[in-house]
1. Under the classification rounded if a/c is under 1.5, otherwise prolate if a/b is larger than b/c and oblate if not, where does chain A fall, given a ≥ b ≥ c as square roots of the Cα gyration tensor eigenvalues?
2. Round to a whole angstrom and tell me the spacing of the C-alpha centers of region B:146-179 and region B:61-84.
3. Taking each residue in B:144-154, count the Cβ atoms of any other chain within 10 Å of its Cβ, then average. What number comes out?
4. Lys/Arg Cβ at +1, Asp/Glu Cβ at -1, dipole of chain A taken about the Cα centre: which of A:Gly888, A:Gly8, A:Ala515 is farthest positive-ward?
5. What does the convex hull of the alpha-carbon atoms of region A:929-996 project to on average, in nm²?
6. Given labels modelled 7 Å from the Cα in the Cβ direction, how far is it in nm from A:Ser236 to B:Ser122?
7. Between the alpha-carbon centers of region A:469-543 and region A:1021-1089, tell me the distance in whole angstrom.
8. Which value, in debye to the nearest 20, describes the size of the charge dipole of region A:865-1055 about its Cα centre when Lys and Arg Cβ atoms bear +1, Asp and Glu Cβ atoms bear -1, and nothing else is charged?
Amino acid sequence: MTSAAYVGDVACVDVARDRVVAGIGSRVLVYVLDEKRRELRCVDARDALCGGARVHGIRAMPRGEAFAAYGARRTTVFAMEEVEGDARGGWRADGGTALPAHGAWVHDVRGVVEAESGFVMTIAIGLSDNSVERWSRGVDARTWTRTARVECASRCTLYTMALSASATWEGMRVAAGTIFNDIQIWGVVDGEVRARCVGHEGSLMRVRFGDDDDAVYSASDDRTARVWNVSNVMSSGYCEEVPPCAVLAGHVARVWDCVRIGGDRPVYATAGEDCTIRVWDVSNAHGTMTLADGVANQRDCEIATLRGHRGRGIWRLCVIESSNGDSFLASAGADGSVKIWNTNDWTKSSGANDGVVLRESETSYPESAMMVDEVEDQEDVAMESKEAAPKKRKTSKRRMSFFSADDEFIRVVRIARYGVLYVATNKGYLYRVVETSEGERWIWERLLENEYAIMSMSVERTDTLDIVSLADLEGIIHVVHVSQESGERKEMISWRASDPRVLLDVFSTQGRVYASIVGGVLKCWNRGRYSRCAFTLVNPYRHRILSIATSDALHLVLVGDQKGNLCVYDANTDDARELKLVAKKWSAHEKTSSINACEILPGPVFVTSGRDSNVCRWSLTTDGELLLDSKWTSPSKACVGFVSLNANGELARAAGFRETNFVVYSISDQRQMMKIRCQAQSTPHDVLMEDGDRVIFVHRQKTSLHIITRWNEHVNTAENESTSLWSHGREIHTVRIVPPPVDAVGAPLGIITGSEDGTVMRLLYDASRRDGTRVHSPGDICKHPGGRTVKAVSIFKEDEYSYILCAGGAKEVLLAFRLSWASDDLGSWDFKSVALIIPKPVDKAGTRAWTKGCGYVEPRAESDQRIMDVATYSRRGQLRVLYSTSLGAVSVVTMDERARVWRDISSLRHHACPALSVDVLEGESTWACSGGTDGTIALWRLDDSDIIDPAYVLEHAHQSGVNALCITRTADENAFIVVSGGDDQMLRVQEMRRDGDGVSPGRVGEYKFSHSSAMRSVWSDGERIISTSVDQRVKMWSISLTKDDICVAPTGGVMTQAPEPEDIDVLAAPDGVLTLVVAGRGFELFHIQ
Amino acid sequence: MDGRVNADVASRRLERSLAMGKSSKDKRDIYYRKAKEEGWRARSAFKLLQIDESFDIFRGVKHAVDLCAAPGSWSQVLSRKLYLPAVRAGVSESELPKIVAIDLQPMAPIEGVTTIQGDITSLDKVLEVLSHFDGKQADLIVGDGAPDVTGLHDLDEFMQAQLILAGLTVATHILKPGGTFIAKIFRGKDVSLLYSQLKIFFPDVTCAKPKSSRNSKAFIVCRGYAPPEGFEPHHLTRILEARATSHTAGGEDGTVGTMSWPNNVLVPFLACGDLSGYDADQSYALDDTKTRLGPVQPPTTPAYKSAIELLKRK
């Protein structure tokens, strides 16, 4: 049985020489940081600790000759061997030398620069019983000897301890974080406590020494992190009480780690259970000595909150200084990911920033060519070029000082595309502003000199042309065609659209030009036929029309006005000059706030966004009423001015302003994607949200235009194959393997997991890849609409390429998805999921709720039961789903795919207690079994009757709950066996003999002490059994049927890295190799020969 | 080890979740509701009662100790099972059973229970217990404490084991030979080591799973305290460490204890409580005629209490 991959909590991350080393399960993964792309590339993986111990810490030796990985009672030292012929000084880790197991938990390891005489290396190991041991390695390089042990005079059990960097053993200091809310500082010379850092109100969860050893950083249960100055305590000769010099309060759950990221500035990063990283600059804080001060100073000190992790929290942070002086922060999450964050902003610039600003440049109006580019950070310009892949997460920010002379000012700015803007001014001038190919400057070309001021502008793109429509003060519309390639003005048409001074806005979309005129009138012209107005429409509420959307396919026009009213018109009017109103909604947005943007989606579904921070979806009833489908409110109450759709035509993003911030949200992910801070008194002008996650944003401050471009999906994160691997970050209750099609050569396995966090996830496993990267392509299939907890999933095979996934969980909600395998042009296989049945959750407001990956779902009466286990089988080619619940109900349902609902088939009545597990055996007649918390196993013959009574009941098969069940065939055609595993640690094999339509019990095999804890899951093929238990072991057993009983004998076992295993799934390959996946806290894959 | 594990601070975190508020849990949890109706401070009272049903742990007990007692539901059980029946039977003052509860947290008084506020790992406090027993040794030591759960599963299990070993340290000082020790366990990865350590001192060790206990929780019932010949309490650390070393030594290949078990770690399992009775994992419909009951004892203070209050005030 060999382990192939483990995905789970990253308990630690640290830097060893130039590499990032992360501890995942019992292994260490070595990454190279690509600084430009801010990506981690896995280059090496090593087994570090035996006995299933998890790596809780990594520490590089001071001279860079080795690093230690430690956790539980164990320490392993890896020598960093130089790779010959590598000019960049590359190294690789050796196989590692394990020290003998310690008597207590290892909390920290430090290399001592001066090794003990006669030894080549000396390390100090800090242990949870508040002691430190010195271990030295002999010349033979394999053996470690304990050469000293010092116990602190104050004995207690610690959750955390840190050792200081020290050239000598005698100079080593210890910071011990106790559960009595203080930190004890003691030296290894005498073990006497020299100082107590007092002030925390909860147990200490992490302590660290600062780089200069004068400072100690701590993180605690009381939701704060603190900084302490301990520079002089060792000399005092008595035990001193040290107050904190900074209190960082703001996390909304326990804090797990605190590091200093500032060079000269006192900037710290903390991370914790609330899945955020918070960045603090305490230079503005005064007197943060108490918790109250810390809370009061939060606004001044907390300069950024970084989000991106999910699940149970972020365990550890580490600072990476790159060779060119950039600094990064790495965070290790319970979700199995290591994320890299750029910290230059906070450590280098003076002001606070909220994103990564890699470059800021300045250019100017053409007449004043002496304006210099102030490129703050001379980043690789090629990265900024138009050819740059949009996935690159980069930001550029540039400022153009403008119009140095006279009274000309900018009225309108429109972004045509990346690197091209159109600017119109009060002088009636239209400029085309283009970025030079080097990306250094912007070039201004005057395209038009109009007599009157330009009031409004709209830009539409065709394949070769930018079509710029302008509305001027005189009521004249000008349409200018500009070649995209040369930037030349090709053609210009002007016509009077209205009386002077009443033409307010011009829109151009889908080949039409619209003019919004005072009094809520909208006029439309078709392109090329500007002589004749195509139609007009009138807003019945008579307010100024601010936004418009049209759909040619649906023949609809949607307009939103300044006071939040919404109107839909029928555009299918052959010759009618005025469009017919189809539907209207008064005050569609709250408090008569303006509707700034709208869209029509297929359906039709109308999307509007308004000043009231809401993005609403409306549907049209047959009686011409607009019904609110759902409402999304921007979490920071921004005025939403822009929405964008993704490639599938679904609503993807919304953007708007809040105070001086420009904020972009991802609606599908329900989170903020980015925030751009604008200077005070600046005016936002335009934003372009492109498909490739690139956002271009222009705002004007006085005479300067600021053009900000961001590639960004997650704020300030970089993700690639290795770092983007993530999982739920919570307990995984259930796992299933989706086999690839038989003819798909080299196709990966699909893995489906369901978790406590209420999501169903998918990943791929590719055995042929390099160790450390075999599991890849994570994604959410859906969020369980019942709320928390997906307890069970089951996979039903339709054909080689198609499977139906059923997932059950809280509130008795059962979901169905179709998973379809397909290969892309390059021949790589992946499966896609399509929702089939999404039962409807209850929404307090009674409106349909948007659920990620599921779409809109109808409300449904809430059930108190929770689905505990799910099994699928086929009856006459139809899918049947058998599930059990926490109230002991066992039911069979089938899928009505057309109506997208479940239809009840049978009710299986026996259990009076929660039914924990079910399994099905298909055949001529279909048999099922179910197990309850009272240790009873019921056997059922599934024949589609409405009500089914058990065919046989095995009373008290187990002393306590039957957690695991597997029903399988044997060589005997007239019998089958039921393999069960209980809370009572017993493995039981029961033969059932068929007897007409009924069954009767046959031989029994039991193995009482199969595991040392509750069994959780079993799998069997009739000859072998694989079982797992909370004792974190996976065992294999053989079944042999003797004359009178069944003999169950252990044949092998292994410790899994996934703590608290809950479920297993096995896939047998034709060559007899079994692939086993074990899921608990994380999941691990094994190959069994 | 001489056991400086600070169980009591840890225990209060556990009780944070168990101490009962007035919430919708009423609807879901039968034992929670029953506990309030019967005046228990926490639902865990039923666990001890059900362990007693199977093991008859209170027979002949004159001196009992509750470790990490707050909020005190197990002390309540000791009081109602030992002290109150004796009072009703008219036993003379000097002959009444003596019960001592220790916790770092202050605890509301319980009839017949002497509470000591202190750290169970401090030898002084342990010896203070003996003074309440007039120098006699304890017949029964119980402990329902659990450490702070960090979410790092292996660390949590380690800390729980340290807590039990701290309880064992107390036992080696004050438990009468033949006495009983009951503690909560996590049946995790290294539970077999804990079993084998306890088996050095108790010939009869059973893993008990009360019916009122949720699926993962269990208790270790150690009976017939019989320390090795010539044992002195200060030997304890060395003995435990030696066992830990020998236990893990065999597992350098990662297969520790995966296959066959040595006899000293074979601990039988026993489900306690009436199997036909209520099920802790099941929800029972709430009888609407019943009024909602307030908590018997309000929850203890969490570490972040002041942080939350300050933030709210802001």
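Values in this text are rule-based calculations from the coordinates and carry no lab data. Everything numeric here is computed off the predicted structure, so don't read it as measured data. Here the Cβ positions follow ideal geometry from the backbone for every residue, glycine too, while neighbour counts run over all protein chains shown.
1. oblate
2. Here the answer is 19 Å between Cα centres.
3. If you average over the peptide's residues, the count of other-chain Cβ atoms is 6.
4. Of the candidates, A:Ala515 comes out farthest on the positive side.
5. Working: hull surface 19.2 nm².
Computed as one quarter of the Cα hull surface, the answer is 4.8 nm².
6. Reported label-point gap for A:Ser236 and B:Ser122 is 2.2 nm.
7. About 72 Å separates the Cα centre of region A:469-543 from the one of region A:1021-1089.
8. 460
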